[in-house]
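Below is one structure, written out as structure tokens, with a few remarks after it.
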Amino acid sequence: MSLKDELIKDRLPKHVAIIMDGNGRWAKKRGNARVFGHKHGVTAVRETTETAAELGIEYLTLYAFSTENWNRPKTEVDALMSLLVSTISSETGTLMKNNVRLNTIGCKESLPKGVQKKLNDCIEKTSANSGLTLTLALSYSSRWEIIEAFKKVAQDVKDNQLDVDDIDADMVSNYMTTAGIPDPELMIRTSGEYRISNFLLWQLAYSELYFCDILWPDFRRDDLYRALLDFQGRERRFGKTGDQIKK
Ligand code: IPE
Ligand code: IPE
Ligand code: MG
């Protein structure tokens, strides 16, 4: 039986989030520059997106560039930005073919104008697609997002648009950049690092976390199936006892 056949189709997560990590080490192991790893990471992005779309997963969120990644050497940042532009051009067809809608979260204004334009064009072109929503976290960090949300809440209270007594968890979620998207049930991080690195801190409150040693450019269909199978073997208790859940 293949890994895919082992999956219980009606118990798949609606939303999977991934910290795609290990591109630099993948390249270094091959005696190449870090950007070589980023280029090969695109294959893993394509394969993961296609697999998620085929399975009927509704939301896939990929951490592609963090606020902190701006602190990398300029040559690497520039190479990543050009790669983003060329990848969007070359992959829009794949998104259309798989009925995938593109979305982004993060501080879009901090991205180079050319990147913003490519992203906006692709978002527009794929906007009527009704399958998977692929969200790229670009120039994103969770603390940035939470600060932005605080500012908007404060402003709305000041403008009498929001009553302090109406602030609850659902309302806070709606002030996040992921408003309208359910929280991820599963978060995957590749490359053997066991940390969250400022990703979706609010949204991951009750996510199942899955860490694997595979470096991102090597991540393939079977690796996603393995993560999903592991997820399906977990008991999600949300504070209750195991016995309560089994009822
Ligand atoms: C992930 O791979 C991609 C980005 C953060 C843009 P890294 O570039 O972090 O690769 P490692 O972790 O240094 O191997
Ligand atoms: C997290 O990876 C950000 C992305 C995958 C885009 P990093 O490689 O930047 O994370 P740290 O710095 O090792 O925690
Ligand atoms: Mg890394």
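The values are calculated or read from the model by the stated rules, or taken from the named source; none is laboratory data. Just so it is clear, the model here is predicted, and its values are computed rather than measured. Cβ atoms come from the backbone with ideal geometry, glycine included; neighbour counts cover every protein chain shown. Each accessible area value is taken on the protein alone, full model and side chains, heavy atoms only, with ligands, DNA and RNA left out. Shrake-Rupley method; radii C 1.70, N 1.55, O 1.52, S 1.80 Å.
Structural remarks
- Only listed residue being within 25 Å of Leu215 (Cβ to Cβ), among the hydroxyl-bearing types (Ser, Thr, Tyr) and either more than 11 Å from ligand 1 (Cβ to nearest atom) or without any contact (Cβ under 8 Å) to a residue 24 or more places away in the chain (or both), chosen from Thr67, Thr92: Thr67
- Selection count where residues are surrounded by fewer than 22 Cβ atoms within 10 Å (Cβ to Cβ) and part of a loop (DSSP other than H, G, I, E, B), scope the stretch 215-234: 3
- Residue within the stretch 6-23 that is surrounded by 21 or more Cβ atoms within 10 Å (Cβ to Cβ) and touching a Gly at 6+ places or on another chain (Cβ under 7 Å) present: yes
- Within the stretch 58-174, strands (runs of 3 or more DSSP E) holding 1 or more residues that are touching a Cys at 6+ places or on another chain (Cβ under 8 Å): 101-105, 133-140
- A residue that is over 19 Å from Asn71 (Cα atoms), buried (at least 17 other Cβ atoms within 10 Å of the Cβ) and touching a residue at least 60 places away in the same chain (Cβ under 8 Å) can be found somewhere in the stretch 109-132.
- Test: residue in the stretch 157-169 that is within 15 Å of ligand 2 (Cβ to nearest atom) and either more than 30 Å from Ala27 (Cα to Cα) or charged (D, E, K, R) (or both): no
- Picking from residues in the stretch 50-85 that are within 13 Å of the chain's Cα centre (by Cα) and open to solvent by 30 Å² or more (accessible area, probe 1.4 Å), the one that is farthest from ligand 2 (Cβ to nearest atom) is Glu58.
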